[in-house]
Every structure is written in structure tokens, then in C-alpha cells.
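Okay, structure first, notes after.
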Amino acid sequence: MRIGLTGGIATGKSTVSRLLEARGVRIVDADVIARDVMNPGQPLLAAVAARFGPEFLLPEGGLDRRRMAEHIFNRPEERQALNAIVHPAIRAEIRRQVDAHEAADPEAIVAADIPLLYESGLEDLYEKIVVVYVPRPVQLTRLMRRDGLTPEQAEGRLNAQLDIEDKKRRADYVIDNAGTPEETRHQVDRLLESLRAR
Ligand code: ADP
């Protein structure tokens with residue numbers, strides 16, 4: 001069974017993902033994949049160099065992330081061009097890893113941890129979607145604390161994503177992570193009971 005795990009920045013996806021993994025769920029991490037597709041030797045980099053220029057690659061062959069981030073900042077068309085190259089590769093790799101887990105164990109619950117699942121329109125690929133939720137003020141506080149941001153910086157990060165209330169409404173299951181870690185663990189256990197009962 002394949003589920004999608006998502007939420008907003010700092011709502012607790014990584015925390016919940018670790019709890020799921022400890023309970024036997026196989027995790028596919030989209031952030032890790034997004035980094036790996038830009039490592040030296042990946043076929044994608046040739047396409048990036050062809051579109052943006054070889055100066056966007058580092059001497060060792062990987063992407064010059066800082067240079068690219070500066071280049072696409074405030075240039076929506078350039079950002080879109082990059083996404084058009086990168087997103088299909090990320091999607092294909094997520095799919096490959098999910099398929100591999102299912103092939104290895106047809107009974108497994110496989111969770112694809114995808115922070116921008118709704119923003120990227122990927123909900124149809126999963127049987128059930130779990131949203132890790134906290135109310136926005138909690139999200140803001142945890143984000144500032146974790147990443148050492150000012151309120152303005154944290155607001156900016158939140159505003160770049162779909163609102164957490166929208167994600168909550170669209171979810172099949174909601175883990176409310178505003179309480180204690182113990183309360184979150186209980187919800188994860190209940191979630192797995194209901195997924196395994198299907
Ligand atoms: P995400 O992966 O969604 O960005 P994290 O799992 O990193 O979010 O959680 C964001 C921050 O909030 C982290 O610093 C984490 O330690 C903290 N955190 C997560 N769950 C709780 C909780 N139930 N109570 C207090 N702090 C929490």
C-alpha cells in the first residue's frame with residue numbers, strides 16, 4: 001500500500017516519518033531524491049547545462065546550487081524552466097523507489113514523504129494521503145526556533161506554500177502534531193492500525 005506523507009514546513013513531517021519508519025513503514029524521501037538527482041554524474045545535469053550554461057555546474061560536475069538559487073530568485077520563468085527539467089526526474093525516482101519497496105514486500109506500507117505533494121499535484125499517485133498538521137502560529141514558532149529565522153523570514157517561507165489549513169482539508173488522515181510528542185506517537189499508532197485494517 002502506498003501512502004503520501006505531507007504537511008507544511010516545520011509541521012513535523014520528519015518527526016512523523018521517523019515514527020513511521022520505526023514501526024516498519026518503508027519511507028521514500030523526496031528531499032533526499034531532489035538532492036541526489038543533482039549529484040555529479042546524473043544525466044539531468046547535461047540538460048541543465050544545455051539550458052542554463054555550463055557555468056552552472058561545479059568543477060566536480062554537480063550543480064552549483066548557490067549560483068542557480070541566485071539565478072532563479074525573482075525570475076519565475078527561469079525557475080519554471082529548471083523545474084521542467086528536474087521535476088519529472090524526481091517523480092520518476094520516487095516512483096522507482098516506491099515500486100522497489102512494494103516488489104520487495106507486497107504487504108508493506110510504503111510512505112512517500114513529499115513536502116510539496118499538493119503543490120506538485122501528486123495526490124493521485126497515492127491511495128491515502130496523511131497530512132502532518134499544526135495551526136499556523138505553532139508552525140511559525142517552530143520554524144523560527146528550528147531554523148533561527150526572524151518572524152518576517154518565517155512568514156515568507158510559509159507564504160510560499162499552500163496554507164496548512166487547505167492541506168488539512170484535503171487529507172485522508174490528519175496527524176495533529178501541536179501537542180506533546182507522546183500524543184503524536186499515539187496518533188501514529190492509530191493511523192497504522194487503521195491502514196493495516198484495510
Ligand atoms: P518538518 O519535517 O515538517 O519540516 P520537523 O519534524 O523538523 O518538521 O519539526 C519541526 C520542528 O518542530 C523541529 O525542531 C522539531 O523538533 C519540532 N517538533 C516536532 N514535533 C514537535 C512536538 N510535538 N512538540 C514540540 N516540538 C516539536
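The values are calculated or read from the model by the stated rules, or taken from the named source; none is laboratory data. In this text, all values refer to a predicted model and were calculated from it rather than measured experimentally. Positions of Cβ are generated from backbone atoms using ideal geometry, with glycine treated the same way; all protein chains shown enter the neighbour counts. Heavy atoms of the whole protein, side chains included, go into the accessibility calculation; ligands, DNA and RNA do not. Shrake-Rupley method; radii C 1.70, N 1.55, O 1.52, S 1.80 Å.
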Do you know which residues across segment 62-81 are of a type outside the set (A, V, I, L, M, F, W, C), part of a helix (DSSP H, G or I) and more than 16 Å from A47 (Cα to Cα)?
R66, R67, E70, H71, P76, E77
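Does segment 32-43 contain at least one residue that is among the hydrophobic types (A, V, I, L, M, F, W, C), open to solvent by 20 Å² or more (accessible area, probe 1.4 Å), free of Cβ contacts under 8 Å to residues at least 24 places away in the same chain and within 27 Å of G156 (Cβ to Cβ)?
Yes, the conditions are met somewhere in segment 32-43.
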So, in segment 3-28, of the ones that are open to solvent by less than 40 Å² (accessible area, probe 1.4 Å) and assigned to a strand (DSSP E or B), which residue ends up nearest to the ligand (Cβ to nearest atom)?
G7
Answer yes or no: is there a residue in segment 104-114 that is assigned to a loop (DSSP other than H, G, I, E, B) and in contact with a Ser or Thr (Cβ under 8 Å, 6 or more places away or on another chain).
yes
Is there a residue being more than 25 Å from V188 (Cβ to Cβ), buried (at least 17 other Cβ atoms within 10 Å of the Cβ), in contact (Cβ under 8 Å) with a residue 60 or more places away in the chain and of a type in the set (D, E, K, R) anywhere in segment 93-115?
yes
For segment 115-141, name all the residues that are in a helix (DSSP H, G or I) and either closer than 24 Å to G156 by Cα or modelled with pLDDT of 95 or more (or both).
R136, P137, V138, Q139, L140, T141
Consider segment 167-190. How many of its residues are more than 10 Å from the ligand (Cβ to nearest atom), of a type in the set (D, E, K, R) and open to solvent by 40 Å² or more (accessible area, probe 1.4 Å)?
6
Got at least one residue in segment 178-185 being closer than 28 Å to Q42 by Cβ and in a loop (DSSP other than H, G, I, E, B)?
no
